[in-house]
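A quick write-up on the structure given underneath.
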Amino acid sequence: MDARKNRVLPINSQTNNQQIIPTITEEKAMINISMLQQVLQEFVSGTSHIQGAALVSPDGLALASVLPNEMDEDRTAAMSAAMLSLGERIGSELVRGTIDRIVVEGEKGFGIVVSCGPDAVLLVLANAAVKQGLLFLEIKRAVSQIAPLVA
């Protein structure tokens, strides 16, 4: 083992006529927010009856969103992450296995929350006229595009 790796040297110090330059050895993948925003925008505009979508971190921070103007992005992000977390716990306690999606159905439509892997949660808002089977298929396609971008 090279003893120089564990020594702290002044910034301008030289060893054997070579300047020691610190290097970063660990790379961390960065989430491409603009790509996520584009995928969400295409999903919302290209799928009929979809009114909005938001991608959030498991701790409730918005990563990207295309939401109706009257919706608060931060509040929506926090609720989406909480919904999935609580739904997963309920699924576990009721011995229902892994949760595929959480569906909230109201008189004006649906709110669907799905996991996009360990680092993201997708919320989709759809109006009441949507065909649920087609909606779930489109959500599955969107997740397959989003998951590699947040992995």
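The values are calculated or read from the model by the stated rules, or taken from the named source; none is laboratory data. Everything numeric in this text was worked out from a predicted model, so none of it was measured. Ligands, DNA and RNA are stripped out before the accessible areas are found, and what is left, the full protein with its side chains, is counted by its heavy atoms. Shrake-Rupley method; radii C 1.70, N 1.55, O 1.52, S 1.80 Å.
In the full protein context, segment 69-151 carries 63 Å² of accessible surface per residue, based on a 1.4 Å probe and ignoring ligands, DNA and RNA.
Taking one quarter of the surface of the convex hull spanned by the alpha-carbon atoms of segment 53-116 gives a direction-averaged projected area of 4.7 nm². Each 5 Å bin from zero holds the following percent of Cα-Cα pairs in segment 108-151: 5, 23, 31, 20, 12, 7, 1. At 1.4 Å probe size, with the rest of the protein present, what percent of the exposed accessible area of segment 72-151 is carbon and sulfur atoms? Carbon plus sulfur share of accessible area: 54 percent. Dimensions of segment 67-151 based on its C-alpha atoms, expressed as ranges along the principal axes with the largest first, amount to 33, 30, 27 Å.
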